[in-house]
Every structure is written in structure tokens, then in C-alpha cells.
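Asks: Here it is: the structure, laid out below.
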Amino acid sequence: MQLIVQQLGSMFVGAIPTMILFVLLVMAYQFLVQGPLTATLKRRRELTEGAMEAAQKAIADAEERTAEYATKLRQARAEVYKIREQRLRQWNAERDAALDAARKVAGQRLSQARIEIEAETAAAKQAIQASAGDLAGQVVRAVLPVGAGGSR
């Protein structure tokens, strides 16, 4: 057993330089590799988060501008619709005025034509009444024999 303890003791003594070298290697790794790597990853994460925040801000700005444009577009459409309605009302008023004028002119022509027809009718009635006696005489002469007052 003493031999085993002696062998273990010599093994531990032989392992001390290896342990010291391992500790130095771990410290060198911490100082040369892990420290700069951690700093680089931290800076990269900050940059990524900053870019994400900037992108979210840009998206919010774009949505705000889109809402503004949509509002302006609705206002422009409403204005165009108002102008269109105003023009339609104006055109309808002009058309109605033209129709009223045409109706008035047609009414005047109709009244004048009625007056002329009534005058012609009255003149024709007078002519018929004036010639009724002559026509009656001609009918009597044409129908009755000559001896009874006819013309045959």
C-alpha cells in the first residue's frame, strides 16, 4: 500500500506543472478569446437591437404616413364628390331653366295657334252661315222640279 501511496504522490507531483499550465491556458483563453468574443457579441446584440428599434420606428412612421395619405385621399374624394354634385345640380338647374323656357315658348305658340284656329273657325262659321242661304237655294233648285221653283 505504501507503494501505491508513493506512486500516487509522485503522480501528483508530476501533475502540478500540468495543472499550472492548464490554469494558465484557461486564463489566457479568458483574456485572449472569451473576453473579446463576449464584447463583440455584446456589441453585435446592441447593434441588432438598435436596428430592430430603428426598423420598428420606421414601420410606425410609415403607418402614420399611410394613415395621413388615406385621410387626405378621403378628403380629396369627398371634395371631388362635392364638386361633382354641385356641377350636376348646376346642370340640372340649367336644363330645368331651358325646359321651362321651351315650355313657355311652346305654350305661347300653342295659345297663338288656338287663337288663330278659333279666328279661322269663327270666320268659317260666318262664311258657312252667309252661304247657307245660297246653298239652301241651290239644293232646292237641284231637288225640286222647275215648275215648283226648281231649276230643272
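Here, each number is a calculation from the coordinates, and none is a lab measurement. As the structure is a computational prediction, the values presented were derived from the model and not from experiment. Glycine also receives a Cβ, built like all others from the backbone with ideal geometry; neighbour counts cover every protein chain displayed.
Asks: Could you pull out every one of the aspartates and glutamates with an alpha carbon less than 14 Å from that of Lys57, ignoring same-chain neighbours closer than 8 positions?
Replies: Excluding near neighbours in sequence, the set is Glu49.
Asks: How long are the semi-axes of the equivalent ellipsoid of the chain, defined as square roots of 5 times the Cα gyration tensor eigenvalues? Whole Å, largest first. All intermediate terms of the calculation are to be shown ahead of the outcome.
Replies: Working: eigenvalues 3736, 84, 9 Å².
In descending order the semi-axes read 137, 21, 7 Å.
Asks: Return the single residue from Ala106, Ala124, Ala58 with maximal mean-square fluctuation; model: Gaussian network over the chain, springs between Cα atoms under 10 Å.
Replies: Fluctuation is largest for Ala124.
Asks: Given charges of +1 on the Cβ of Lys and Arg and -1 on the Cβ of Asp and Glu, with all other atoms neutral, how large is the dipole of region 65-125 about its Cα centre, in debye to the nearest 20?
Replies: On the way: 14 positive and 9 negative charges, 108 e Å.
Value, rounded to 20: 520 debye.
Asks: Another question, then. What do you get when you divide the Cα radius of gyration of region 67-115 by 2.2 N^0.38 Å, with N the number of residues?
Replies: On the way: Rg = 20.9 Å, N = 49, 2.2 N^0.38 = 9.7 Å.
Ratio of Cα Rg to 2.2 N^0.38 Å: 2.16.
Asks: Give the residue from Gly133, Phe12, Ala55 lying farthest towards the positive end of the charge dipole for the chain; charges sit on Cβ (+1 for Lys and Arg, -1 for Asp and Glu) and the dipole is referred to the Cα centre.
Replies: Toward the positive end, the furthest listed residue is Gly133.
Asks: What are the lysines whose alpha-carbon lies under 21 Å from the alpha-carbon of Lys72, with same-chain residues fewer than 8 places away excluded?
Replies: Cα-Cα hits under 21 Å: Lys82.
Asks: In whole Hz, what ³J(HN,Hα) sequence does region 101-107 give by Karplus (6.51, -1.76, 1.60; θ = phi - 60°), x for Gly and Pro?
Replies: Result, ordered by residue: 5, 5, 5, 5, 4, 5, x Hz.
Asks: Per-residue HN-Hα couplings for region 118-132, Karplus 6.51 cos²θ - 1.76 cosθ + 1.60 at θ = phi - 60°, whole Hz, x for Gly and Pro?
Replies: Per residue, the Karplus-derived 3J(HN,Hα) values read 4, 5, 5, 5, 5, 5, 5, 4, 5, 5, 5, 5, 5, 8, 4 Hz.
Asks: What are the aspartates and glutamates whose alpha-carbon lies under 16 Å from the alpha-carbon of Lys104, with same-chain residues fewer than 8 places away excluded?
Replies: Result set, ordered by chain and number: Glu94, Asp96.
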